[in-house]
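Undergrad: Provided herewith is a single structure, encoded as structure tokens, for subsequent inquiry.
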Amino acid sequence: MGASGNVGAAVTRRLVARGDDVRVLLRRSSSTKGIDGLDVERRYGDIRDAAAVTDAMADRDVVYYCVVDTRAHLHDPAPLFATNVEALRGVLDIALRADLRRFVFLSTIGTIAVGAGGETVDEDTPFNWEGKGGPYIESRRQAENLVLSYARERGLPAVAMCVSNPYGPPDWQPRQGALVELAALGKMPCYVRGIGAEVVGIDDAAEAMLLAAERGRNGERYIVSERYMTQREMFEIAADAAGVRPPRFGVPMALVYAIGSLAGAANRLFGRDFPINIASARLMALTSPADHGKATRELGWQPSPTAESIRAAARCYVERHRAKEVAAT
């Protein structure tokens with residue numbers, strides 16, 4: 001479920017490459033560029049449609065649940081909780097009756113603690129930024145807790161995968177990759193000084209999901225992230241891969257906070273959803289290194305350098321941009 005998204009499509013491609021019998025549940029309005037041409041059985045419906053979900057899970061042994069509303073900038077957070085929590089609850093109720101071997105849930109690095117002073121954290125570090133991440137992070141924390149409670153209290157064979165910011169082609173609808181795309185096209189004039197994030201290659205993230213289905217321990221969560229990378233380094237990698245000049249100067253995080261505050265006020269005043277607000281700005285700063293050792297020990301996960309995935313993504317964005325320019329002439 002969620003095969004039209006970036007991680008879900010990568011999981012689907014990897015399952016097909018392995019030779020698995022794959023079924024996907026899609027909305028008819030969803031973009032399927034990431035899975036077009038693959039030998040998969042398509043079922044259509046919404047995750048809120050119990051009959052469609054039941055039909056999609058019939059005779060399956062593993063469900064990869066990659067559905068998520070990531071719009072942290074929404075002025076009205078109700079859709080985040082409706083999709084990320086309540087719709088998930090209905091799917092979990094159906095999963096309990098489906099006799100699954102594993103339910104692999106796509107969670108986020110945002111449910112993991114932030115290390116004080118840049119300290120490294122892991123799955124067992126107590127969460128320490130309650131209320132600072134806005135409704136999006138709260139909806140994702142509730143979702144992960146819901147999945148793990150179904151595992152502990154109701155016997156659902158579920159694992160939660162705390163995936164960080166994934167990069168890599170084809171990424172047809174760039175979200176995390178949007179800034180990398182701008183850097184690769186030479187359109188990113190600056191970087192934010194002193195910030196970074198945990199990163200992972202999209203194919204490595206998908207591989208972790210598959211490994212969790214085979215080796216994960218029910219009721220556990222796993223950090224799926226290769227390393228911490230500064231925004232400046234990320235943009236320089238993308239620009240170098242594309243042969244363009246990297247961003248020339250850094251701006252302070254205070255400026256981003258000011259822009260986020262103004263945009264958030266405009267969102268509330270005009271009922272609009274500009275792509276940043278104070279909560280989404282804060283998410284840029286609330287990061288720290290994270291240890292993926294548990295995934296390596298228990299799942300056998302060995303991620304490749306994410307820099308290579310960023311380079312591949314940058315080249316993909318440039319080639320796609322050039323193809324559009326040629327088609328327009």
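Undergrad: Just checking, does region 46-58 include any residue being touching a Gly at 6+ places or on another chain (Cβ under 8 Å) and charged (D, E, K, R)?
TA: yes
Undergrad: While we're here: Among the candidates Asp36, Asp46, Asp59, Asp93, which residue alone is under 30 Å from Arg272 (Cβ atoms) and acidic (Asp, Glu)?
TA: None of the other options fit; the residue is Asp46.
Undergrad: Here's something else I'd like to know. Any idea which residue in region 152-169 is farthest from Ile137 (Cα to Cα), counting only those that are among the small types (Gly, Ala, Ser) and open to solvent by less than 20 Å² (accessible area, probe 1.4 Å)?
TA: By that ranking, first place goes to Gly168.
Undergrad: Would it be correct to say that Val159 is part of a strand (DSSP E or B), within 19 Å of Leu15 (Cβ to Cβ), modelled with pLDDT of 95 or more and over 12 Å from the mean Cα position of the chain (by Cα)?
TA: Spelling it out, Val159 is indeed part of a strand (DSSP E or B), within 19 Å of Leu15 (Cβ to Cβ), modelled with pLDDT of 95 or more and over 12 Å from the mean Cα position of the chain (by Cα).
Undergrad: If you don't mind, there's one more thing I want to ask. Any idea which of Gly300, Gly264 is touching a Phe, Trp or Tyr at 6+ places or on another chain (Cβ under 9 Å), of a type outside the set (A, V, I, L, M) and touching a residue at least 40 places away in the same chain (Cβ under 8 Å)?
TA: Gly264
Undergrad: Report yes if Ala242 is in contact with a Pro (Cβ under 6 Å, 6 or more places away or on another chain) and over 28 Å from Ala78 (Cα atoms), otherwise no.
TA: The answer is no for Ala242.
Undergrad: Can you confirm whether Glu119 is closer than 23 Å to Ala285 by Cα, in contact with a Lys or Arg (Cβ under 9 Å, 6 or more places away or on another chain) and acidic (Asp, Glu)?
TA: Judged against the criteria, Glu119 is not a match.
Undergrad: Do we find that Val318 is surrounded by 15 or more Cβ atoms within 10 Å (Cβ to Cβ) and over 20 Å from the mean Cα position of the chain (by Cα) in this structure?
TA: yes
Undergrad: While we're looking at this one, here's another question. Which members of region 42-66 meet the condition of being closer than 23 Å to Val163 by Cα and open to solvent by 30 Å² or more (accessible area, probe 1.4 Å)?
TA: Selection gives Asp61 alone.
Undergrad: Just the residues that are crowded, with 20+ Cβ neighbours inside 10 Å and part of a loop (DSSP other than H, G, I, E, B), please, taken from region 126-151.
TA: Gly133
Undergrad: If we only count strands (runs of 3 or more DSSP E) wholly inside region 205-304, which ones have 3 or more residues that are at pLDDT 90 or above, touching a strand residue (DSSP E or B) at 6+ places or on another chain (Cβ under 9 Å) and open to solvent by 40 Å² or more (accessible area, probe 1.4 Å)?
TA: Correct list: 227-230.
Undergrad: Have a look at Thr83, Thr111, Thr70 and point out the one that is open to solvent by 10 Å² or more (accessible area, probe 1.4 Å) and under 22 Å from Ala285 (Cα atoms).
TA: Answer to the selection: Thr70.
The values are calculated or read from the model by the stated rules, or taken from the named source; none is laboratory data. These numbers come from a predicted model, not from an experiment. Here Cβ is always computed from backbone atoms with ideal geometry, including for glycine, and neighbour counts include all displayed protein chains. All accessible areas refer to the heavy atoms of the entire protein, side chains included, with ligands and DNA or RNA removed. Shrake-Rupley method; radii C 1.70, N 1.55, O 1.52, S 1.80 Å.
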